[in-house]
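Below is one structure, written out as structure tokens; comments come after it.
The values are calculated or read from the model by the stated rules, or taken from the named source; none is laboratory data. Treat the numbers as computed from the prediction; the structure is a model and nothing was measured. Remember, those area values only see protein heavy atoms, side chains included, never the ligands or the DNA or RNA. Shrake-Rupley method; radii C 1.70, N 1.55, O 1.52, S 1.80 Å.
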Amino acid sequence: LAAAVPQVDGVSDDEDDDDDDDASGRGAAGVKDGPVEAAEDAINSDLDDSDEEEDNENNEDSAHIILCQYEKVSRSKNKWKCVLRDGIMLINGRDYLFQKANGDFEW
């Protein structure tokens, strides 16, 4: 007697799921069936990390950060005027939230 294999892919589905395969072993999308090999330069590999990112984290020049949206930015020679909104600033180790801010910068 042959042992019955229970169906687990759907209700009353007696058809073979490999109907889309052609003689080459490729499925309906033309992709070779079987295990997928990882590429040598895969995403999230050690190659993604750069030494420059680590240097910038320890750099004192980036100790002050502003993350926000801007409404208007204008420049005249080396003077910049900015209207900022809905943001957060990290200045001297303290976080400041703001709804609207105006800034004048010389660069």
Among residues of the range 51-95 being under 20 Å from Glu106 (Cα atoms) and of a type in the set (Asp, Glu), the residue modelled with the highest pLDDT is Glu71
Can you tell me which residues in the range 72-107 are assigned to a strand (DSSP E or B) and open to solvent by 100 Å² or more (accessible area, probe 1.4 Å)? Lys72, Arg75, Lys79, Lys81, Arg94, Asp95, Leu97, Gln99, Lys100, Asn102, Asp104, Glu106
